[in-house]
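Novice: First the structure, then my questions, so here it is.
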């Protein structure tokens, strides 16, 4: 498992070779056909991000997830995108 931060905010994670994003209205509107999956047992469902090779889509998705107030957690990363293992 790896938690993904974008510009200091949690936006999702990598779970068993899957990129899962926070299940919020703005993200589900951007990915209306995305399936909901559990990162692991006992957690909330998250959106499966399939289009991981489309850089413009990923940037738009990350911006949508970053702009949510509930995702604010401190990250000491010097880069725009970082993963915590």
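Just so it is clear, none of the values below were taken in a lab; they were calculated from the coordinates. Keep in mind that this is a model prediction, so the values were computed, not measured. Every residue, glycine as well, gets a Cβ built from its backbone with ideal geometry; the counts of neighbours run over all protein chains shown.
Novice: Please state the equivalent ellipsoid semi-axes for segment 1-53: what are the square roots of 5 times the Cα gyration tensor eigenvalues, largest first, in whole Å?
Specialist: 15, 14, 11
Novice: If you find the alpha carbon centre of segment 47-62 and of segment 1-24, how far apart are they in angstrom?
Specialist: Result: 12 Å between the Cα centres.
Novice: Continuing with this model, one more query. Using Cβ contacts closer than 10 Å as the measure, can you line up 45, 29 from fewest to most?
Specialist: By the 10 Å Cβ count, ascending, the order reads 29, 45.
Novice: Given the peptides 37-43, 57-63, arrange them by the average over their residues of other C-beta atoms within 10 Å, most packed first.
Specialist: Taking the mean over residues of other Cβ atoms within 10 Å, the ranking is 57-63, 37-43.
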